[in-house]
């Protein structure tokens with residue numbers, strides 16, 4: 001089993017804007033072809049993007065139909081999460097588990 005862990009640095013634009021990094025991240029994941037992906041510093045901030053970063057990535061990573069994300073640091077208008085994607089459902093059944 002191949003596992004990839006990656007800190008996507010939420011919406012920080014120090015290297016490149018999120019929409020560019022999102023494409024790079026997807027290309028990297030597809031090229032490495034892991035069975036399980038664990039992401040850190042995933043964020044949902046409706047003031048920046050209406051769709052959660054994990055959902056944006058999953059829309060492009062169609063080989064990973066199973067996903068789970070858990071909020072870790074709630075803010076007044078946004079949350080910081082950890083996310084997992086996998087080819088087979090290795091995750092516990094949970095309200096935020098889309099298996």
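The values are calculated or read from the model by the stated rules, or taken from the named source; none is laboratory data. Everything numeric here is computed off the predicted structure, so don't read it as measured data. Heads up, the Cβs are rebuilt from the backbone with ideal geometry, glycines too, and the neighbour counts pull from every protein chain shown.
So the values come out like this:
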quantity	calculated
Residue under evaluation residue 14, criteria (1) at pLDDT below 90; (2) within 14 Å of the chain's Cα centre (by Cα), criterion not met	(2)
Any pair with Cβ under 6 angstrom, 6 or more apart, that starts in the range 36-52 at a residue that is without any contact (Cβ under 8 Å) to a residue 40 or more places away in the chain and ends at one that is surrounded by fewer than 19 Cβ atoms within 10 Å (Cβ to Cβ) and assigned to a strand (DSSP E or B)	41/7; 43/80; 44/79
Selected residue (only one of 63, 81, 45 is farther than 16 Å from residue 8 by Cα and either touching a helix residue (DSSP H, G or I) at 6+ places or on another chain (Cβ under 7 Å) or modelled with pLDDT of 60 or more (or both))	63
In the range 30-60, the residues that are touching a strand residue (DSSP E or B) at 6+ places or on another chain (Cβ under 6 Å) and part of a helix (DSSP H, G or I)	32, 53, 54, 58
